[in-house]
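The next block holds one structure in the form of structure tokens; read it before the comments.
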Amino acid sequence: MKRIWRIAMATALMAAAVFVIGHALGSGEREARTPAATNLERPLPILTESGVFERSNKGAFLKDVKPGPGQPERHLPAYYARRAYPGGPPAIPHDLVDDKSMGGKSCLACHLDGGWVPAFKAFTPVTPHPELINCRSCHVHPENKGNFQASTFQAALAAEVPKGAMPGAPPVIPHELDMRSNCLACHGGPAAPAEIRTSHPERSNCRQCHVQGAAPQPLFSRNGGGQ
Amino acid sequence: MNRRDLFKQMVAAAAVTAAGELVPGVSFGATPKVDSINGLTWKKAPCRFCGTGCGLLIGISNNRAVAVKGDPASSVNKGLCCVKGYHSVMALYGADRLTKALVRKNGTLVPVPINEALDLVASKLKENIAQHGKDSVAIYGSGQWTIPDGYCASKLFKGAIGTNNVEGNARLCMASAVTGFMTTFGLDEPMGCYEDIDNADVFVLWGNNMAEMHPVLFSRMLERRQQATGTLIVDLATRTTRTSMAADRSILFLPQTDLAIANAIAHELIRNNWLHSTFLQRHVSFHTGKTNIGYGTQDKFAFTDEPKTIDFAAYKKALEEYTPEKVEKLSGVPAREIRFLASLYGDPKKRVVSFWCMGMNQHTRGTWIQNLVYNIHLLTGKISTPGNSPFSLTGQPSACGTVREVGTLTNRLPHGEVTDPHAREMAAKIWGVPVSNIAPKPTLHTVEMFRALDRGDLKMIWIQVTNPMVTMPKTTRYRDGLKKDGRFVVVSDVYPTPTTDVADVVLPSAMWIEREGMFGNSERRTQHWEKMVDPPGEAMSDTWQLIEVARRMGHGKLFPYKPETHIKEIWEEYRQFHHGAAHEMASYDELRSRPGIMWPYVKGKETKWRYNPKYDPAAKPGDTHHFYGKPDQKAWIWFRPYEPAAESPDKEYPFWLNTGRVVEHWHTGSLTRRIPVLHQAMPAAYVELHPNDAKKFNVKNGDRVRLTSRRGTIVLPALIDRRGRPPEGQVFVPFFDEHKLINELTLDAFCPISKQPDYKKCAVRVEKAV
């Protein structure tokens, strides 16, 4: 008896399934007969364009956050000293909270918004790409200072901090924007190196005035210079 | 300066002149001596570039412009500029600046004294008028004309010569905005002002990449969002851009379907009864016009609308088919997003600003889409109060001031339409010409003007401050037309361009702060600047070129202005056209002393919100609004249907081509590409592809891609997921690059009402180039 019940149930389920699938296919056909636009995708971020706005809600706040007495400013030499070459991922100069956690819970606790750390007597640098939480896939923690072999590597020189084309003109951006499109992370607030800290973090559309100047181009000329 | 210094300077100047003569067009000069930033004289000017009209302070030293800062006293930008504004003065100093007149002799342009070139222009005008009639000559100017430039052009051609062959490139830029205002309100130009930004709760951007095209206003909007929690920015667009990145909500729609979306929003407002019924009863009437109105791609295309008054019930019935579900199928926008938009407009607690620019203007149904967006604001009564504002942004610094207010379009006079006898009488009286001089019918609008040159109906054209050989859609036909025998082309410009390349006479122009002038911006603000530095060589302002030619043609009596005071004299003469509460303009002396003044300027007061009696002296008191532009004293809601684009993708040409601008460059780049900072940031045009399409064609960033339309073909480097991202099946190309003329591919279809071409939609084939 039990078996008959089971067979009956299975048959009923199969019939139902056939009906449902058939109906779905049929309705698909019906829809296909009316020429319809497929819905357009929800716009996804364009990484090099979106970053500029990401911390803009913090800009007005950052304007008033400045190193106080006894809080040393960072400067560019220290900033570059953390990197093997300009644009390279900085190494982690402090002990790790937890050697195996993802950055979302550990690193970002401090590096998302920054702040003064009395133990290090320093302001925490803010990451320009908080969406990437596997921090330590790029940022390593040097365990000792020795070398296996000496290296003859010579790093590229850092871009000079650009001046405007004339007094008062906004300087160009001397670096690429990939992974570094979030301007205020590095240029705003007390952890920003003094040389590159913006005087006006409350202006949120940085690239309205500061354009790319990373790869110098030949000057425009009508016979081909702009090609 | 002692004698020894003077002598040294004279020797240097002589050497520079000699070198200049050896290699014409290239300036040789020792590095000029300039003061330090703290020793400069600062003078005010509106920015040379877009229609925002930012106030700038120009640092002057030793007859050179050497620095720029935003004018903190300007209510437009309050001290902030964009990258073009900050570098604007560098546009004066490109090494190939035109400093001498050029005349084509045996096929090549050779330098001549400017008086000889002006004689030739005048005699050619007279010769053509004598042989072929007054309608055989034309002037084609620009929204970058100063107000006195446009005024003199109109007075010379419409008043003295007697032809309505006067157009401005603003026909390509905001003609649909004008016809939109005229059909809905009966009067041109926005009712609100930039202060709407500081008062709005919701911003809906209709096809408008404001982050790049109106960056200073965009920043003001972001600032509003920062200060007022809950402020919402909705980007309703055909392509993902920097603007989408900053918006709270980004909605993509398929090209041309904005017409259906606007109707669906109106449909939802009515269905939910989200209407402002007392406003509707008192201030709105309902109308409809012709449908299936064509695209103007044939020569001599003509169209006249036949407006019919209907009632609310008929309007509601006509909207019935625009349900969000049906429009979803057409537009690709989910019905819930359409309902979301309707709920924003329909919420009586929310103040809403709609912004648009070229997306709605460069549209074969450009007038209609303006009507439809006004409908939404009128149904909800969200208009002419602070923060409630349908706001048409303008592309050029004086598209409003010169083209719209002075009326440098074939159908316009400085006050009113040429078809209106009162407008002709007023012009005749102020100009001092017989009323019979002023032709009562419009002649050629821009596209038809260039077609007439190609056909040979038009023999001579004088082009000032614009570069149509880069900007005309279907450029190849019009370039070939200009090169034909029997055509005479005069071009006034500051640099050599593809348009000077086809000229018979090139007149070197004094640019911007090298002469005195006024611009009028998007919010009805007139802004004056004085001459700050001398123009190079024999360069002469466009105003003075026109005066010189008018005098040579025997019209000197109409142009009695003195060199030192001509701008003041012209302004005070022109201002008479606008006397009265609806248009009154400020005096020359007031304009000179302030960073800008909005008209109507009545009894020392600017009018911030027109049609609102609280702010507008022309509006009858006693009610919230008074729409005094139309004979029935009402704002007109129009039923306008969705109609497809002139050319849509098909099997052979399966992609949509969209064209536009970038933040770094001004229009065709003839100025901004000569500013090293801007050129280096954006050195060449590109084609944006969706990453999936790029994959399909096996194209990486920088690979060469060929685009082909029915009109032309071009190879461009691909740009994938950088500045912008079009949806699948669409590509985008900026038009600033004279080496990559994308307009050779675009279609010269236009809005039959406004005659403005649609640069945003045509069909192309995409291939990887080998």
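The values are calculated or read from the model by the stated rules, or taken from the named source; none is laboratory data. Keep in mind it's a predicted model, so treat the numbers as computed, not measured. Virtual Cβ from ideal backbone geometry, glycine too; neighbours counted across all protein chains shown.
What are the residues in the range A:203-227 that are more than 8 Å from chain B (Cβ to nearest Cβ) and in contact (Cβ under 8 Å) with a residue 24 or more places away in the chain, if any? Of everything in the range A:203-227, those that are more than 8 Å from chain B (Cβ to nearest Cβ) and in contact (Cβ under 8 Å) with a residue 24 or more places away in the chain turn out to be A:C206, A:A214. Any residue at all in the range B:225-232 that is on the phi > 0 side of the Ramachandran plot, at pLDDT 95 or above and either part of a loop (DSSP other than H, G, I, E, B) or outside the structural domain of B:V731 (by TED's automatic domain parsing) (or both)? So far as the range B:225-232 goes, no, none of its residues is on the phi > 0 side of the Ramachandran plot, at pLDDT 95 or above and either part of a loop (DSSP other than H, G, I, E, B) or outside the structural domain of B:V731 (by TED's automatic domain parsing) (or both).
On the stretch given as the range B:257-293, residues that are surrounded by fewer than 17 Cβ atoms within 10 Å (Cβ to Cβ) and within 20 Å of B:G180 (Cα to Cα) total 3.
Within the bounds of the range A:36-55, is there any residue that is within 14 Å of chain B (Cβ to nearest Cβ), more than 25 Å from B:P726 (Cβ to Cβ) and in contact (Cβ under 8 Å) with a residue 40 or more places away in the chain? Yes: the range A:36-55 contains one or more residues that are within 14 Å of chain B (Cβ to nearest Cβ), more than 25 Å from B:P726 (Cβ to Cβ) and in contact (Cβ under 8 Å) with a residue 40 or more places away in the chain.
Yes or no: B:V733 within 29 Å of B:G94 (Cα to Cα) and buried (at least 22 other Cβ atoms within 10 Å of the Cβ)? For B:V733, the condition - within 29 Å of B:G94 (Cα to Cα) and buried (at least 22 other Cβ atoms within 10 Å of the Cβ) - is met. The condition (being assigned to a helix (DSSP H, G or I), out of contact with any strand residue (DSSP E or B) (no Cβ under 6 Å at 6 or more places or on another chain) and more than 10 Å from chain A (Cβ to nearest Cβ)) is satisfied by just one residue among B:I197, B:I293: B:I197. Looking at the range B:75-96, can you tell me whether even one residue there is more than 13 Å from every other protein chain (Cβ to nearest Cβ) and either assigned to a loop (DSSP other than H, G, I, E, B) or surrounded by fewer than 19 Cβ atoms within 10 Å (Cβ to Cβ) (or both)? Yes, because at least one residue in the range B:75-96 is more than 13 Å from every other protein chain (Cβ to nearest Cβ) and either assigned to a loop (DSSP other than H, G, I, E, B) or surrounded by fewer than 19 Cβ atoms within 10 Å (Cβ to Cβ) (or both). Taking the criterion of being surrounded by 10 or more Cβ atoms within 10 Å (Cβ to Cβ), small (G, A, S) and in a loop (DSSP other than H, G, I, E, B), the only residue of the range A:127-155 that qualifies is A:A155. All conditions but one from (1) more than 14 Å from every other protein chain (Cβ to nearest Cβ); (2) not in a helix (DSSP H, G or I) apply to B:I265; the one that does not is (2).
Conditions (1) surrounded by 24 or more Cβ atoms within 10 Å (Cβ to Cβ); (2) under 20 Å from B:N658 (Cβ atoms); (3) under 21 Å from the mean Cα position of the chain (by Cα), marked per residue:
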residue	(1), (2), (3)
B:L172	yes, yes, yes
B:T184	yes, no, yes
B:Q227	no, no, no
B:D248	no, no, no
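Here the strands (runs of 3 or more DSSP E) wholly within the range B:452-537 that include at least 1 residues being of a type in the set (K, R) and touching a Phe, Trp or Tyr at 6+ places or on another chain (Cβ under 9 Å) are B:525-529. Can you tell me which of B:P421, B:P440, B:P434 is more than 24 Å from the chain's Cα centre (by Cα) and without any contact (Cβ under 8 Å) to a residue 12 or more places away in the chain? Matching residue, one of B:P421, B:P440, B:P434: B:P434.
Each row is one residue, and each column tells you yes or no for (1) closer than 29 Å to B:G168 by Cβ; (2) surrounded by 23 or more Cβ atoms within 10 Å (Cβ to Cβ).
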residue	(1), (2)
B:P676	no, no
B:Q680	no, no
B:A684	yes, no
B:V687	no, yes
B:N692	no, no
B:D703	no, no
B:R706	no, no
B:T713	no, no
B:D748	yes, yes
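Of the residues making up the range B:606-624, those that are in contact with a Pro (Cβ under 6 Å, 6 or more places away or on another chain) and either touching a residue at least 60 places away in the same chain (Cβ under 8 Å) or of a type outside the set (G, A, S) (or both) are B:T607, B:P613, B:P621. Within the range A:56-97, the set of residues being more than 18 Å from A:A122 (Cα to Cα) and of a type in the set (A, V, I, L, M) comprises A:A60, A:A84. The residue of the range B:644-662 that is surrounded by the fewest Cβ atoms within 10 Å (Cβ to Cβ), among those that are in contact with a helix residue (DSSP H, G or I) (Cβ under 7 Å, 6 or more places away or on another chain) and part of a loop (DSSP other than H, G, I, E, B), is B:R661. Only one of the numbered conditions (1) surrounded by fewer than 24 Cβ atoms within 10 Å (Cβ to Cβ); (2) touching a helix residue (DSSP H, G or I) at 6+ places or on another chain (Cβ under 7 Å); (3) not aromatic (F, W, Y) is not met by B:E530, and that is (2).
Residues in the range B:495-554 that are of a type in the set (F, W, Y) and either more than 30 Å from B:F181 (Cα to Cα) or not assigned by TED's automatic domain parsing to the domain that holds B:G150 (or both): B:Y495, B:W544. When you look at B:E744, is it more than 14 Å from chain A (Cβ to nearest Cβ), surrounded by fewer than 23 Cβ atoms within 10 Å (Cβ to Cβ), under 21 Å from the mean Cα position of the chain (by Cα) and touching a residue at least 60 places away in the same chain (Cβ under 8 Å), yes or no? Criteria met by B:E744.
Scanning the range B:43-59 for residues that are more than 12 Å from every other protein chain (Cβ to nearest Cβ) and part of a strand (DSSP E or B) yields a count of 5. Applying a threshold of 7 Å to beta carbon distances and a minimum spacing of six or more residues, or different chains, the list of pairs starting in the range B:171-184 at a residue that is within 23 Å of B:P631 (Cβ to Cβ) and ending at one that is of a type in the set (V, I, T) and buried (at least 24 other Cβ atoms within 10 Å of the Cβ) reads B:S176/B:T367; B:T179/B:T367; B:T179/B:I753; B:G180/B:T367; B:T183/B:T367.
Candidates in the range B:223-243 are the residues that are β-branched (V, I, T) and within 26 Å of B:G70 (Cβ to Cβ); of these, the one that is nearest to the other protein chains (Cβ to nearest Cβ) is B:T241.
In the range A:178-200 there is no residue that is surrounded by fewer than 21 Cβ atoms within 10 Å (Cβ to Cβ), within 12 Å of chain B (Cβ to nearest Cβ) and under 26 Å from B:H739 (Cα atoms).
Those helices (runs of 4 or more DSSP H) of the range B:303-370 in which at least 1 residues are within 14 Å of chain A (Cβ to nearest Cβ) and either farther than 30 Å from B:L444 by Cβ or not β-branched (V, I, T) (or both), considering only elements entirely within it, cover B:324-331, B:335-346.
From the list A:G164, A:G168, exactly one residue is part of a loop (DSSP other than H, G, I, E, B), farther than 28 Å from A:D95 by Cβ, modelled with pLDDT of 90 or more and more than 23 Å from the chain's Cα centre (by Cα). Which is it? Answer to the check: A:G164.
Kindly establish whether B:R220 is within 14 Å of chain A (Cβ to nearest Cβ), assigned to a helix (DSSP H, G or I) and either among the hydroxyl-bearing types (S, T, Y) or out of contact with any Ser or Thr (no Cβ under 8 Å at 6 or more places or on another chain) (or both). When the stated conditions are applied, B:R220 passes them. Count of the range B:703-725 residues, restricted to those that are under 17 Å from B:D737 (Cα atoms) and facing another protein chain (nearest Cβ under 10 Å), is 1.
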